[in-house]
1. Any residue in region 77-87 that is outside any helix (DSSP H, G or I) and surrounded by 16 or more Cβ atoms within 10 Å (Cβ to Cβ)?
2. Report yes if Arg60 is among the basic types (Lys, Arg), open to solvent by 40 Å² or more (accessible area, probe 1.4 Å) and either out of contact with any strand residue (DSSP E or B) (no Cβ under 9 Å at 6 or more places or on another chain) or not in a helix (DSSP H, G or I) (or both), otherwise no.
3. Here is a check on your reading of the model: is Lys28 open to solvent by 40 Å² or more (accessible area, probe 1.4 Å), out of contact with any Pro (no Cβ under 7 Å at 6 or more places or on another chain), among the basic types (Lys, Arg) and assigned to a helix (DSSP H, G or I)?
4. Among the residues of region 1-54 satisfying the criterion of being among the basic types (Lys, Arg) and in contact with a Gly (Cβ under 8 Å, 6 or more places away or on another chain), which is nearest to Phe269 (Cα to Cα)?
5. Out of everything in region 344-367 that is out of contact with any helix residue (DSSP H, G or I) (no Cβ under 6 Å at 6 or more places or on another chain) and over 17 Å from Pro206 (Cα atoms), what residue ends up being most open to solvent (accessible area, probe 1.4 Å)?
6. Could you go through region 228-237 and let me know if any residue there is at positive phi, open to solvent by 20 Å² or more (accessible area, probe 1.4 Å) and assigned to a loop (DSSP other than H, G, I, E, B).
Amino acid sequence: MSEHFDVAVLGMGPGGEVAAGRVLKAGKEVAVIEREVIGGECAYWACIPSKTLLRPAEARTEVQRAAGVSGAELDWSEASKYRDYMIRNLDDSAQVDGYARHGAVVIKGEARITGPGRIQVEDRELTAEHIIIATGSEAVIPEVKGLDQITAWTNRETYTTKTLPKSAVIIGGSAVGAETSTFLSRFGVKVTLVHRGARLLEREEPRVGELTYKYLTESGIDIRLGVTAHTAHRTGDQSVIELDDGTEVTADVVIFATGRTPRTRNLGFENTGVALGDHGQVKVDEYCRAAENVWAIGDVTGIMPFTHVAKYQGRIAADAILGGTREAFYEGIPRVVFADPEIAAVGITQTQADQQGLPTAATEIDLANAITRPWTYEQDPRGHLGLLVDTKRKVLIGAWAIAPQAGEWIHQASLAIRAQIPIDTLLDQIAQYPTYNEAYQAALEKMDI
């Protein structure tokens, strides 16, 4: 006999948790289904452990660069111990108990949709008025001949390791590659970063990739651009990657930071009318609806693979189930790389603006030459801010920053883009002195709009 629910949530990462929490609060009968641990990839193997481990290295850099303070040392034993605390030692029993106390039925196991409103979880049959697909994504490891001979890691092994390798090759120059390089190199690991593209962080402005390269190489990371790993083999206890330029890179481990793919295979989504895109993503409308009474949120939609977007979509889908008409709007969502210094961006790039035929003006400022805060924050201050303005509408459409705490103060640009705040209003803002936020006014005043 099947069990019936108002809402069944497949996958309990951040997006699934937000959606489940909202419909539970509204009094719905809810089943939450998770094959691994409640909290998902972000809480256990990605966002939380990576940012937890990046913070000690960032703090040491702050001490080294601030005037009149010294002595900060990194302690891997203590850092990893706190990491384990933050990821709950991969134990979600408290979360399971919490959802049960709030009235949800928690089911652990691999779910498969067998028809409209029908779900099979191992030997349990469920029916639900609404199904929310929040199955996330999984790491992609490209085909490399000899891969089975080497020690190959993804983010999972990297950010839960008990023992740091002495050396690592990181394949991939996107956000994960930049963050992982920063974390490992700061903890004394010899890092080689291999990227097939001509620059790092290729989805951002070229200047962002250029500055990222500068700061990573200054920290001792060996960066190889424009090359691809095509063959692997083992020599003793070392993993060797042969590159297509004829060179080799040898290390204890090879870490693949080569992207992620939506987790949609063999889950029966087609049995309920869900359509998949060219990259395996679930297609959704402006309400995160994938089919009649079926919703999809987070990485599985392929829209923007960020935890904050998954949580936002969780709100959109839950509101729609509860009768709301709020539409998802993806303008002005920030993108942050927690390197050292932080890298943040929002909106569109110059290339994207050109493709859309927008009239634009752009500027970049060196923060040390424009505002005071960098000098009070650190000796030999680092930092740049770039802005892109639509000169016809006179609104901000793009921004990027590489500087301390950029991930915090990029939100001013995010709000300006999302709300289409007029440039005149931004120029009339009175920022706290001295802060990095003052840079926006300095940059805008430099522009001929």
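1. Yes.
2. yes
3. no
4. In this case the residue turns out to be Arg35.
5. Gln356
6. Here is the first cut: in region 228-237, the ones at positive phi are 236.
Subset that is open to solvent by 20 Å² or more (accessible area, probe 1.4 Å): 236.
Imposing the further condition that a residue be assigned to a loop (DSSP other than H, G, I, E, B) reduces the set to 236.
Checked region 228-237: at least one residue is at positive phi, open to solvent by 20 Å² or more (accessible area, probe 1.4 Å) and assigned to a loop (DSSP other than H, G, I, E, B).
Every residue, every condition in (1) out of contact with any Ser or Thr (no Cβ under 8 Å at 6 or more places or on another chain); (2) basic (Lys, Arg); (3) buried (at least 20 other Cβ atoms within 10 Å of the Cβ), yes or no:
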| residue | (1), (2), (3) |
| --- | --- |
| Glu342 | yes, no, yes |
| Asn369 | yes, no, no |
| Arg373 | no, yes, yes |
| Lys392 | yes, yes, no |
| Ile402 | no, no, yes |
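Quick grid of which residues meet (1) within 30 Å of Val18 (Cβ to Cβ); (2) in contact with a helix residue (DSSP H, G or I) (Cβ under 9 Å, 6 or more places away or on another chain):
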site: Glu138; (1), (2): yes, yes
site: Lys166; (1), (2): no, no
site: Gly177; (1), (2): yes, no
site: Val191; (1), (2): no, yes
site: Arg199; (1), (2): no, yes
site: Leu216; (1), (2): no, yes
site: Gly220; (1), (2): no, yes
site: Leu225; (1), (2): no, yes
site: Asp237; (1), (2): no, no
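The values are calculated or read from the model by the stated rules, or taken from the named source; none is laboratory data. Since this is a predicted model, take the numbers as computed values, not measurements. Every residue, glycine as well, gets a Cβ built from its backbone with ideal geometry; the counts of neighbours run over all protein chains shown. Ligands, DNA and RNA are stripped out before the accessible areas are found, and what is left, the full protein with its side chains, is counted by its heavy atoms. Shrake-Rupley method; radii C 1.70, N 1.55, O 1.52, S 1.80 Å.
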